[in-house]
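Below: one structure, written as structure tokens.
The values are calculated or read from the model by the stated rules, or taken from the named source; none is laboratory data. These numbers were taken from a predicted model, which means no experiment stands behind them. Neighbour counts run over all protein chains shown; Cβ positions are idealised from the backbone, glycine included. Each accessible area value is taken on the protein alone, full model and side chains, heavy atoms only, with ligands, DNA and RNA left out. Shrake-Rupley method; radii C 1.70, N 1.55, O 1.52, S 1.80 Å.
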Amino acid sequence: MTPQVTLPIYDDLLKDFSKLEMKAEHEQIRQKRRNALEVFKRTGFPTRKHEDWKYTAVTPYLQANFRTNGSVPIAPVAVDYLKLAAIPGLDCYRVVTVNGVLQPTEVALPSNVKIRSMAEAQEDAGLLKHFGSVSVLDKAPFAALNTALFAHGFFLEMDANTSLDKPIHLVQVLSSDAHAFVQPRNLVVIHAGANATLIESVVSTPGTKVFVNSVTEVVLKENAQLQHYVLQMAEKETQLIQQNDVSQSMHSLYSNYTFSLPGSSLIRNNLNVALDAQQTETHLYGLYLGTGNQLIDNHSLVDHKMPHCNSNEMYKGVLMDRATGVFNGKVFVQQDAQKTNAFQQNNNLLLSDEATINSKPQLEIFADDVKCSHGSTVGQLSKESMFYLQSRGISEQSARAMLVNAFAFDVTEKIGIPQLEKFINHKITAHIPALN
Amino acid sequence: MLSIKNLQAQVEDKQILKGLNLTINPGEVHAIMGPNGSGKSSLASVLAGRDAYEVTGGEVEFYGKDLLELSPEDRAREGLFLAFQYPVEIPGVSNINFLKTAMNEIRAYKGLEPLDAKSFLKLSKEKQQLVEFDAKLVNRCLNEGFSGGEKKRNEIFQLAMLEPRLAILDETDSGLDIDALRIVANGVNALRSKDNAFVVITHYQRLLDYIVPDFVHVLFDGKIIKSGTKVLALELEEKGYDWLKESVHAPIV
């Protein structure tokens, strides 16, 4: 793995690790950091020779001199920038992080939900129990790097058998004029029978140059439910590598909605859901809109380990200009996972001759009494539909927007929050190019 | 309102219209008949601005404007409407939002304020009744899962809402049972006025029993070869087209 040596950030990160060793930290976390570093040292930053990174080259984005860990700016940002993330008409509990650092909440959260910084909660038994328990690091170099060197992040806990009257809106602001490499580590635990809605919005202040390598572990206990929305709308000079690792217990319901919008030059989502118990339900919805030279890569894994679980995944992509999309969706149905229902679909719309999509649905079944299907399509806007709309007086631009919204409808109609659905539809419309 | 002079058009190097002349005035209903492949639907497509057709000669003036220079949407905004032979199904686009967008873009073109939600709803209710269009269909996705008859009725409902100056009905009667045909025809008759005009393209005289035309034209081999009143349609029903074709091909003495 010699190529790593040429990246200055590789050495900087190793130096950071020696500094971390001096700091006081719970021994259990420290041990996980050490183990993870060994994994990362073995793999290094992935190159296109790694199967999982075949279509996504990250090293070109890692050439700069980055500020890492302690040298990353963490100043609060002006309230004005928070408006970037505001969802009109939606009342929610807003929580803000800046470069991964949890900010004091403006309005106290209800007592049944606790959100603390990782540092503050590091002695917490719940945190120690679940931290690093969901993520599998072996083939995940960025997750290993995050585990070894994470700085900041939050621990969110929802009390058993409770719910909230409105969603939690987690606004993650990225802000740094100089190149910064940011590694937040988050843990979300939804206790038995609890129900929560979490909306994460990633935004950036103008001119920000931040590379994010985040890991969020999500634990759903028995009968727990989480509606998890992720809105990626940071600016062009940001790169997002976001890993979301979920573990589901019996009768739990996890719904993830990932919206990757124009902006960040590189987005790589690793969404891994482990169905660790029977009778679980999982919905993964995704919509990616790529413009300019964007590269948006969604890798997902649904691991059916136990019988009687249902999973459904639908990702839709709209690619414009010279944008590239990657969809790689794995569904494993292990030998014990009889009576599994697993569905997966990926549809893509290319609005430019230079746009690209690499779509790879993957289904591996080791059980014999299951219902599974997967599929992938690539297409363009129908000329006949365009003409029909235009012949009624609708401009070409509006007609395209209507058809793209219609294409995305299968995903957007699943959004359980009307204000958010409207917000996403507006975002889609706003990014439809005027001309061919 | 519409003046077509020596119109010639081709699709993929195949000449379809070969010097077509037609003048239409407000208040008139023109029927265009003709055998298969004579260019009837092509005429509708060329007038509405379909991409695949290339105009190679002639001119079309619509209220003093060069129609052929306008984009399809601007033709619609100027008051031209094409009822499609095969209306397109567009899942994910609601019928009502589609109409609202269309109506407001046309209004904006004319310098009018968009219609508020209440007035739009009221208008939509009135027109639904006028053309006997099922309210349930209005709220569905555009033509998605509609029967053939429902699609055609939706075309007439759109026509009623958009109030064009010139409506071209491209084989609106094809695929309709007799009841649906009557409903469609009643809708058209209810919308006729001294200010608007209709071009009804059809194979069959049957539709013309319901929508009585002022003029009947026979299109053959890309040209209008005979024009007359509704009596001509009856004659065609009886004799077919062959006697006319022969007259075209007959050597000039």
If a paramagnetic tag sat 7 Å from the Cα of B:Tyr210 along the Cα-Cβ line, which residues of the range B:123-162 would have the backbone N under 15 Å from that point? B:130-134, B:148-157
So between A:Ile365 and A:Lys19, what do we pick up on full extension, going 0.36 nm a residue minus the alpha carbon distance? 120.0 nm
Excluding residues fewer than 8 places away in the same chain, name every one of the lysines whose C-alpha is closer than 20 Å to that of A:Lys371. A:Lys305, A:Lys330, A:Lys339, A:Lys360
Tell me, what is the percent relative contact order of chain B, built from C-alpha pairs under 8 Å that lie six or more residues apart? 28 percent
Label-point separation, B:Asn36 to A:Gln397 (7 Å along Cα→Cβ), nm: 4.4 nm
What is the distance, in nm, between label points placed 7 Å from the Cα along the Cα-to-Cβ direction at B:Arg165 and at A:Glu222? 7.5 nm
A:Asp336 to A:Ala78: FRET efficiency via 1/(1 + (r/R0)^6), r the Cβ-Cβ distance, R0 60 Å, to the nearest 0.05? 0.70
Nearest 20 debye, what's the magnitude of the dipole of the protein assembly as shown about its Cα centre given +1 on Lys and Arg Cβ and -1 on Asp and Glu Cβ? 780 debye
Rounded to the nearest 10 degrees, the helix B:117-130 long axis (Cα) sits at an angle to the longest Cα principal axis of chain B of 50 degrees
By the C-alpha gyration tensor axes a ≥ b ≥ c (rounded if a/c is under 1.5, else prolate when a/b exceeds b/c, else oblate), the shape of the range A:349-394 is oblate
The range A:214-264, relative contact order [Cα under 8 Å, separation at least 6], %: 54 percent
Using a Förster distance of 30 angstrom, determine the FRET efficiency expected from the C-beta separation of A:Arg116 and A:Ala178, and round it to 0.05. 0.55
So if R0 is 25 Å, what FRET efficiency would A:Arg322 and A:Asp52 give, r being the distance between their Cβ atoms, rounded to the nearest 0.05? 0.60
Label the range B:40-182 by shape, choosing from rounded, prolate and oblate, from the square roots a ≥ b ≥ c of the eigenvalues of the Cα gyration tensor; if a/c is under 1.5 it is rounded, and otherwise prolate applies when a/b is larger than b/c, oblate when it is not. oblate
Rounded accessible area of B:Asp242 (nearest 10 Å², 1.4 Å probe): 90 Å²
Over chain A, the sum of -39500 (n - 2.57) across DSSP H runs of at least four, divided by residue number and rounded to 500 deg cm²/dmol, gives at 222 nm -6000 deg cm²/dmol
Starting from the Cα gyration tensor of the range B:2-249, take the square roots of the eigenvalues, sort them a ≥ b ≥ c, and report rounded, prolate or oblate (rounded when a/c is under 1.5, otherwise prolate if a/b is larger than b/c, else oblate). prolate
Under 22 Å between alpha carbons, and skipping anything fewer than 8 positions from A:Lys19 in its own chain: which lysines qualify? A:Lys32, A:Lys41
Can you find, among A:Val72, A:Phe40, A:Pro60, the residue sitting farthest towards the positive end of the charge dipole of the range A:32-81, where Lys and Arg contribute +1 and Asp and Glu -1 at Cβ? A:Phe40
